[in-house]
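S.K.: Provided herewith is a single structure, encoded as structure tokens, for subsequent inquiry.
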Amino acid sequence: MVRIPTRVLLVDDEEDFVEMLSLRLKEAGEQVSTAYSGKACLDILAQDHIDVVILDIRMPGMDGMETLGEIKKRFPLVEVIMLTGHGSAETAVDGMKLGAFDYLMKPADFEELTHKLQGARRRKDEQEERIRQAEARLLMRKSGGTF
Amino acid sequence: MESIRVLLVDDENDFRRTVAKRLTKRGMDIRQATGGEECLNILKKDPVDVVVLDLKMPGMDGMETLHHIKNSCPGTEVIMLTGHATTRDGVDGIKAGAFDYLSKPIELEHLAGKIRQAFEKRTREDEKQKEKDFRARMEQQMIATERLASLGTLAAGVAHEINNPLAIIKESAGWMKSILQKKELAQMPRRGDFEMALGKIENGVERARRITHQLLGSVKQTDATLSKVDLKELVEETMVLHQKEADQKGVQLLETIDPGKNVIWSDPYKLRQVLINILSNAVHATDAGGKITVTAETSEDHATLTISDSGRGIPGEHLKKIFEPFFSTKPTGEGTGLGLFVTRSIIDKLGGEIEVESRVGQGTQFSVKLPKHPDVKCNSNKGSYKGQNDERA
Ligand SMILES: Nc1ncnc2c1ncn2[C@@H]1O[C@H](COP(=O)(O)OP(=O)(O)O)[C@@H](O)[C@H]1O
Ligand SMILES: [Mg+2]
């Protein structure tokens, strides 16, 4: 079976980190885009299809939390995994309340990251599937009405 | 009330004895000396509150005796007795530190009154001194606490900054490892060497990560929520985490806490970290056949957890240092020396106290005393506790 790569957007102001983690994710078969700021992240989301955003919560400028809020407002189907510093579990909880899928502490374990990535991807697929079904039902009812 | 201790110093025996008798009747505790030398000898052995000192005496005279007294026991008050119409001497006495002077012949009531005044002054000064000592001690403690707090903030900042480069190192090594596993590299010369070295890099990163996370855990406070904690449940839960290691070492883990009786309001996550740190040290320190026991005791407003092990104990010269950051007797790579430092700062924040007793070769006992209803200290670096006080079922 051919695995369909997850379209990942990696957002962190640490350029070396973004570069290395994206190489690693690509090596593992994912399709990776990168952004070094919250704003760049939103620009990419507006243009490209992305399944999951990996988002550093601590960034200068538009910070991670704000970016997260904006993503969930404008692209509600996109899943977000947060990267947090340790000891900021409350930020993580706030983030989950804003709709993030999960969080990881830096430096993160790669196995764990890929595991969560799959989880997020699955949730997005299921969500999209439900929407498709709902739309189909809606269509049926409408055509039923004209019957 | 304790009676005032008075030493009468006069070479005129009749006069001295009469005064002594009459002051004793007034409830004072009277000692007597016939001259300056005897007076100083008595004071050396047994201090008094007030000395009544005749100025004119053979041998060491009153003035000289006064100097000696003020030198060797400055807290003792001295009342001078001068001959009639020699106020000059009395004034000199006051200049030299006497409380006051009376001219002979004296009126007994007057003398008794002066002695009481002198005594009151002494008590006041004692209290002032005590207060001063206390304040100095408090200040020292505050300085120490503040120094630790700012050290903590600094350490947390450094730890946080280090996590980013650590993440870069980790991803780089991980990426190289995944490349090495590619089929086209199966025949690469010395592949094993590369893999070995990359493994070492990953271990090193893991070690550094443990340190930074432990440091951050100690200082960077997350908003803790207080909730009801049953100490028995908490201890059972934590013991499970150490059971495997204890079994492997042949160490017994015991807990004798009454169910349901030791319930306090606290932060369960922080408390669990405290227990994990103390228990893991105990397991490390105890050899096959040894035993680790956890007990709990509750008083009206406190609960005390006691963790005793029959392990190797902590030598006296280490006992002072075990709570310092980075003090560890474990081999590099195994101990971070942060466990007890973190433990103590958590307990501090929860309003509790930690104490340790240890005997080399016999074992160690940590006791953690916690308030049942903490009025949790706000953290100096941000972060505060939100107490949930609605106690609904
Ligand atoms: N129960 C114990 N028995 C003997 N030594 C102990 C015990 N608990 C702590 N120590 C000593 O205190 C040191 C500091 O402990 P800790 O701060 O937890 O750091 P670490 O466990 O990483 O060394 C230990 O290295 C050990 O020497
Ligand atoms: Mg330890």
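S.K.: If you check B:77, B:37, which single one turns out to be within 22 Å of residue B:119 (Cβ to Cβ) and acidic (Asp, Glu)?
M.R.: Among B:77, B:37, only B:77 is within 22 Å of residue B:119 (Cβ to Cβ) and acidic (Asp, Glu).
S.K.: Answer with yes or no whether residue B:232 is closer than 21 Å to residue B:272 by Cα, open to solvent by 10 Å² or more (accessible area, probe 1.4 Å), at pLDDT 90 or above and basic (Lys, Arg).
M.R.: Considered against the rule, which asks whether it is closer than 21 Å to residue B:272 by Cα, open to solvent by 10 Å² or more (accessible area, probe 1.4 Å), at pLDDT 90 or above and basic (Lys, Arg), residue B:232 comes out as yes.
S.K.: Got at least one residue in the range B:194-202 being closer than 30 Å to residue B:334 by Cβ and at the interface with another protein chain (Cβ under 9 Å from one of its Cβ atoms)?
M.R.: Checking the range B:194-202: not a single residue is closer than 30 Å to residue B:334 by Cβ and at the interface with another protein chain (Cβ under 9 Å from one of its Cβ atoms).
S.K.: Restricting to the range B:286-316, what's the tally of residues that are open to solvent by 70 Å² or more (accessible area, probe 1.4 Å) and either among the basic types (Lys, Arg) or under 25 Å from residue B:234 (Cβ atoms) (or both)?
M.R.: Qualifying residue count, the range B:286-316: 5.
S.K.: Scan the range B:14-38 for residues that are open to solvent by 60 Å² or more (accessible area, probe 1.4 Å) and in a helix (DSSP H, G or I) and jot them down.
M.R.: Residues satisfying the conditions are B:14, B:17, B:18, B:21, B:22, B:24, B:25, B:37, B:38.
S.K.: Next question. Just for strands (runs of 3 or more DSSP E) wholly inside the range A:1-87: which have at least 3 residues that are open to solvent by less than 30 Å² (accessible area, probe 1.4 Å) and within 27 Å of residue B:162 (Cβ to Cβ)?
M.R.: Counting at least 3 such residues, we get A:7-11, A:52-56, A:79-84.
Conditions tested, residue by residue: (1) open to solvent by 20 Å² or more (accessible area, probe 1.4 Å); (2) touching a Ser or Thr at 6+ places or on another chain (Cβ under 8 Å); (3) free of Cβ contacts under 8 Å to residues at least 24 places away in the same chain.
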site: B:71; (1), (2), (3): yes, no, yes
site: B:82; (1), (2), (3): no, yes, no
site: B:91; (1), (2), (3): yes, no, yes
site: B:97; (1), (2), (3): yes, no, no
site: B:118; (1), (2), (3): no, no, no
site: B:121; (1), (2), (3): yes, no, no
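S.K.: Also, quick follow-up: Go through the range B:269-292 and give me each residue that's more than 9 Å from ligand 1 (Cβ to nearest atom) and more than 25 Å from the chain's Cα centre (by Cα).
M.R.: Selection gives B:269, B:287, B:288, B:289, B:290, B:291.
S.K.: Let me ask something else about it. Among the residues of the range B:326-349, which ones are in contact (Cβ under 8 Å) with a residue 24 or more places away in the chain, away from chain A (no Cβ under 14 Å) and more than 8 Å from ligand 1 (Cβ to nearest atom)?
M.R.: Hits for the range B:326-349 are B:333, B:347, B:348.
S.K.: Is it the case, given these coordinates, that residue B:333 is at pLDDT below 85, over 29 Å from residue B:264 (Cα atoms) and either within 13 Å of ligand 2 (Cβ to nearest atom) or not hydrophobic (A, V, I, L, M, F, W, C) (or both)?
M.R.: So residue B:333 fits the description; yes.
S.K.: For the range B:350-363: of the residues being within 25 Å of residue B:268 (Cβ to Cβ) and open to solvent by less than 70 Å² (accessible area, probe 1.4 Å), which is nearest to ligand 1 (Cβ to nearest atom)?
M.R.: Among residues in the range B:350-363 that are within 25 Å of residue B:268 (Cβ to Cβ) and open to solvent by less than 70 Å² (accessible area, probe 1.4 Å), the one nearest to ligand 1 (Cβ to nearest atom) is B:356.
S.K.: Among the candidates B:346, B:322, B:314, B:354, single out the residue that is assigned to a strand (DSSP E or B), of a type outside the set (D, E, K, R) and within 16 Å of ligand 2 (Cβ to nearest atom).
M.R.: B:354
S.K.: Being modelled with pLDDT under 95, closer than 26 Å to residue B:236 by Cβ, within 18 Å of the chain's Cα centre (by Cα) and within 11 Å of ligand 1 (Cβ to nearest atom): is that true of residue B:319 here?
M.R.: no
S.K.: To continue, here is another question. Being among the aliphatic types (A, V, I, L, M) and facing another protein chain (nearest Cβ under 9 Å) is the filter here, so list the residues in the range A:26-36 that pass it.
M.R.: The one that is among the aliphatic types (A, V, I, L, M) and facing another protein chain (nearest Cβ under 9 Å): A:28.
S.K.: Just one of the numbered conditions (1) more than 16 Å from ligand 2 (Cβ to nearest atom); (2) more than 14 Å from chain A (Cβ to nearest Cβ); (3) surrounded by fewer than 18 Cβ atoms within 10 Å (Cβ to Cβ) is not true of residue B:269; which one?
M.R.: Exception for residue B:269: condition (2).
S.K.: State all residues of the range A:4-56 that are in contact (Cβ under 8 Å) with a residue 40 or more places away in the chain and β-branched (Val, Ile, Thr); if no residue qualifies, say none.
M.R.: A:6, A:8, A:11, A:50, A:52, A:53, A:54 - these are the residues of the range A:4-56 that are in contact (Cβ under 8 Å) with a residue 40 or more places away in the chain and β-branched (Val, Ile, Thr).
S.K.: Follow-up question, since we're still on this one. Do we have residue B:155 as closer than 30 Å to residue B:198 by Cβ, at pLDDT below 90 and within 14 Å of another protein chain (Cβ to nearest Cβ) here?
M.R.: Against the criterion (closer than 30 Å to residue B:198 by Cβ, at pLDDT below 90 and within 14 Å of another protein chain (Cβ to nearest Cβ)), residue B:155 qualifies.
The values are calculated or read from the model by the stated rules, or taken from the named source; none is laboratory data. Note that the structure is predicted; figures quoted are calculated from it, not measured. Positions of Cβ are backbone-derived with ideal geometry, glycine not excepted, and every protein chain shown enters the neighbour counts. For accessibility, only protein heavy atoms count, side chains too; no ligands or nucleic acids. Shrake-Rupley method; radii C 1.70, N 1.55, O 1.52, S 1.80 Å.
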